[in-house]
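Derivation of every value follows stated rules applied to the coordinates shown; laboratory data play no part. Because the structure is predicted, anything quoted here is derived from the model rather than measured. In this analysis, Cβ positions are derived from the backbone assuming ideal geometry, glycine residues included, and neighbour counts consider all displayed protein chains.
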Amino acid sequence: MEKRLLRLQKRRDAFFERLTEEFRLKRRSSDVSEGAGKRETIIDAMLSMQESDAEYYEIIKGVIASLLAAGTDTTVVTTEWALSHLLNNPETLKKARDEIDTVVGARSHARRVHSPKSSLP
Ligand code: HEM
């Protein structure tokens with residue numbers, strides 16, 4: 001059991017490192033540090049702190065872990081709860097489906113651009 005946990009921890013750490021490296025590369029290519037008109041994200045700010053203090057990576061890892069833990073189960077449970085209510089309320093399901101068809105369109109994939117705040121209920 002302990003060995004499996006350690007293996008899992010290693011895989012998780014490798015995943016976080018890949019994720020952080022992706023941001024680091026994006027940052028370099030878009031020159032956020034030069035203030036090229038791009039908005040700085042929290043991860044950008046943390047990566048720039050890490051440039052002067054390598055140990056800052058532990059903080060970055062902790063923040064990623066918190067966001068993943070806080071964001072996954074909550075979203076899964078809320079989506080499951082909403083869908084089960086919709087399945088038990090066919091009238092409301094039809095309204096939701098019509099709204100999605102109107103805002104997103106029947107064949108297109110949903111993208112943020114399809115849902116400006118003004119078209120939300
Ligand atoms: C339907 C989905 C979600 C629900 C129901 C939910 C619910 C909550 C609740 C009730 C709190 C505590 C708020 C408080 O008492 O101050 C909280 C805090 C937090 N949530 Fe969510 N959350 C959801 C999605 C997410 C996602 C997607 C993320 C990250 C990507 C996230 C990150 C956080 C963080 C970091 C905190 C702590 C904020 C702080 O320290 O003040 N949550 N969430």
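Given R₀ = 22 Å, FRET efficiency for GLU99-VAL63 by Cβ-Cβ distance, to 0.05?
Computed FRET efficiency for GLU99 and VAL63 comes out at 0.05.
Residue by residue through the range 73-85, which ³J(HN,Hα) values in whole Hz follow from phi under the Karplus form 6.51 cos²θ - 1.76 cosθ + 1.60 (θ = phi - 60°), with glycine and proline marked x?
Coupling constants for the range 73-85: 4, 4, 5, 4, 5, 5, 5, 4, 4, 5, 5, 5, 5 Hz.
Obtain the nm distance between the two label points defined at GLN9 and THR74 by a simple spin-label model: each point lies 7 Å from its Cα along the Cα-to-C-beta direction.
2.6
Give me the distance in nm between label points sitting 7 Å out from Cα along the Cα-to-Cβ direction at GLU22 and GLU91, one decimal.
4.4
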